[in-house]
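Visitor: Got a structure for you, written out below as structure tokens; questions coming shortly.
FYI, it's all coordinate maths here, none of it is from the lab. Computed from a prediction, not measured in an experiment: that's the story for all the values here. All Cβ positions, even for glycine, are placed from backbone atoms using ideal geometry, and neighbour counts span all protein chains on display.
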Amino acid sequence: MAEEGTITPEVRIQALEEALATETERVQKLFAAYEGQEKDLMDARAEIEVLEKEIIEREIEKETQEALLSEKEVRIRELELRAVKASKKVEHLEPELEKMEEKYSREKDRLGKIFNIATELDDDLKLAVSEMKARDDWYVAHMSLFEDLNKAIKERYEMIERAVESERKSQHMARAFDERMEEMVSARAAEMTLEEAEATVNTKESVKADEDKDYNEKEVDQAIEAATEEATEEAEVATEEATEEATEEVAEEAAEETPEKEAEPAPAPTWGDDEDPWADN
């Protein structure tokens, strides 16, 4: 109590101020340490977040790589199977390959020969084309001569056809005339035969009637000859009349059968009409 009584308020205030300054300094140091710790904590948290993200990404990459590895293993297995199958196929196809190579060599030789033949044919074709061009040029240069020759040949055939047609008509008329003549002559001859027979019978009867009379045989013969001559003259006259009648009838029939006008022949085709003038010949 005595000591407390000796401490003055000023000393106490001074001590309190010193204690306050000390505590303030301690608080400031603590606050600074707190801020440092808080900053470290924030940095640690950020680092933790980054690390967590990296861990997640690593896990994703790990899973992806595992999936890729599994896929690669599957593909490797498939490729191994294909390789085994291909090796087996190669073993089976090696004889076929040898056969195909042999066929290829033969076809190659064959195609070489065909190519040589095709080359020769192409050369022949070019030569033939040049020859045809020269022939066409020659034909174009002499086309008028061929057209005139075609017209002359056409006229010749038309003249031959007209001559044959006229000959056929004349032969038809001659046959009709002969038939008509034969009919008329046969009819007239039949009539004359009957008349001669009657005349002969009459003559014989007159001879028999005159047998009782005294006459000469020469007179009888003369009478028979006279009757025969008369009959012959009558037959000739009848024949001439029949001939004239037959001629008139045949002429009338021919005039009726003959057309009034024949159609004019069509003009002969020429090369300029896009027609082949040799087609009809």
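Visitor: Can you tally the net charge around ALA141? Count Lys and Arg as +1, Asp and Glu as -1, for every other residue whose Cβ sits under 15 Å from the Cβ of ALA141.
Guide: Around ALA141, the charge tally is -2.
Visitor: If you don't mind, another one. Whole angstrom only: what separates the Cα centroid of the range 131-154 from the Cα centroid of the range 1-76?
Guide: What the calculation gives is 121 Å, centre to centre.
Visitor: Quick one: net charge of ALA163's neighbours, Cβ under 13 Å, K/R +1, D/E -1?
Guide: Numbers: positive: ARG156, ARG162, ARG168, LYS169; negative: GLU155, GLU158, GLU161, GLU165, GLU167.
Neighbour charge sum, excluding ALA163 itself: -1.
Visitor: Say the dipole of the range 8-132 comes from +1 at the beta carbon of Lys and Arg and -1 at that of Asp and Glu; which of THR8, MET132, VAL50 then lies farthest toward its positive end?
Guide: Positive-end residue among those listed: MET132.
Visitor: Based on the mean of other Cβ atoms within 10 Å per residue, sort peptides 154-162, 130-138 so the most packed one is first.
Guide: On the way: 154-162: 12.1, 130-138: 10.1.
The densest-packed peptide leads the list: 154-162, 130-138.
Visitor: In nm, what is the difference between 0.36 nm times the number of residues separating SER70 and SER166 and their Cα-Cα distance?
Guide: Difference between extended and current length: 23.5 nm.
Visitor: With the convex hull built on the Cα atoms of the range 8-132, state its orientation-averaged projected area in nm².
Guide: Approximately 23.4 nm², given one-decimal rounding.
Visitor: Report the one residue of THR22, ALA33, VAL90 whose Cα lies farthest in the direction of the positive end of the charge dipole of the range 8-132 (charges on C-beta: Lys and Arg +1, Asp and Glu -1; origin at the Cα centre).
Guide: VAL90
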